[in-house]
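First the structure, in the form of structure tokens, and then the observations on it.
The values are calculated or read from the model by the stated rules, or taken from the named source; none is laboratory data. What you are looking at is a predicted structure, and each value in this text was computed from that prediction instead of being measured. Using ideal geometry, Cβ is built from the backbone for each residue, glycine included, and neighbour counts are taken over all protein chains shown. Heavy atoms of the whole protein, side chains included, go into the accessibility calculation; ligands, DNA and RNA do not. Shrake-Rupley method; radii C 1.70, N 1.55, O 1.52, S 1.80 Å.
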Amino acid sequence: EPDTNDVFELAYPTAFERWVYDAASEFGTSPWLVWALMRQESAYRPWIRSPVNARGLMQILPATGAKVAQALGITGFAAEVLFEPATNVRFGTWYIAQLVKKFGGHPVLAIASYNAGPVAVSRWMEAHPDGRTDEFVEEIPYRETRNYVRRVISHWAVYATLYGGPPVDIPERTPSEYLADPSY
């Protein structure tokens, strides 16, 4: 309802808007997906560091950040740049775009990979190829990742609805084939 939009906009802000739109455009990714990931990963706090040393808005591990920097042709990478919002958003958006490509455009597999890693998701896919997406989510062996996928998709749907994006399109089935690795 229009009279509740203000409340939802507080809970689902378009934080770091310029950088999100720029990175989403550069890498062909939904800005609403980027905000959904950012909301779940850091609650929009650029200074946050996880117990496993993931950093910044989109919680990039230093090793992943180094690989992304190399893929983007950025020299002199230092892990501390992952606390810079513009860098973190660009790196995280590039990474989710690569994961979407790896899994043939399937957003659920990309989101699961963002949390658990593409190797784990590839292993799960080998055990359950070409299955129903909802069953795949319910059978994710890591409870944290299973809940993460549900939350991110929910956040994404709220963002798309609230800010006029296209509806979130989740394929009914998982792909039977996908790329071996992200392109980095």
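Out of W124, W156, report the one residue that is within 30 Å of D6 (Cβ to Cβ) and not small (G, A, S).
W156
For the range 109-128, give me each residue that is polar (S, T, N, Q) and either open to solvent by less than 10 Å² (accessible area, probe 1.4 Å) or touching a strand residue (DSSP E or B) at 6+ places or on another chain (Cβ under 9 Å) (or both).
S113
With the requirement that a residue be open to solvent by 70 Å² or more (accessible area, probe 1.4 Å), of a type outside the set (K, R) and touching a residue at least 24 places away in the same chain (Cβ under 8 Å), what does the range 135-162 give you?
Once the filter is applied, which keeps residues that are open to solvent by 70 Å² or more (accessible area, probe 1.4 Å), of a type outside the set (K, R) and touching a residue at least 24 places away in the same chain (Cβ under 8 Å), the range 135-162 yields Y142, E144.
In the range 60-70, is there at least one residue being free of Cβ contacts under 8 Å to residues at least 24 places away in the same chain, part of a helix (DSSP H, G or I) and exposed (fewer than 11 other Cβ atoms within 10 Å of the Cβ)?
Within the range 60-70, one or more residues are free of Cβ contacts under 8 Å to residues at least 24 places away in the same chain, part of a helix (DSSP H, G or I) and exposed (fewer than 11 other Cβ atoms within 10 Å of the Cβ).
(1) in contact (Cβ under 8 Å) with a residue 60 or more places away in the chain; (2) surrounded by 16 or more Cβ atoms within 10 Å (Cβ to Cβ): which one isn't true of E84, the others all being true?
Here E84 meets the rest and fails (1).
Confirm whether T93 is β-branched (V, I, T) and surrounded by 18 or more Cβ atoms within 10 Å (Cβ to Cβ).
Answer is yes for this residue.
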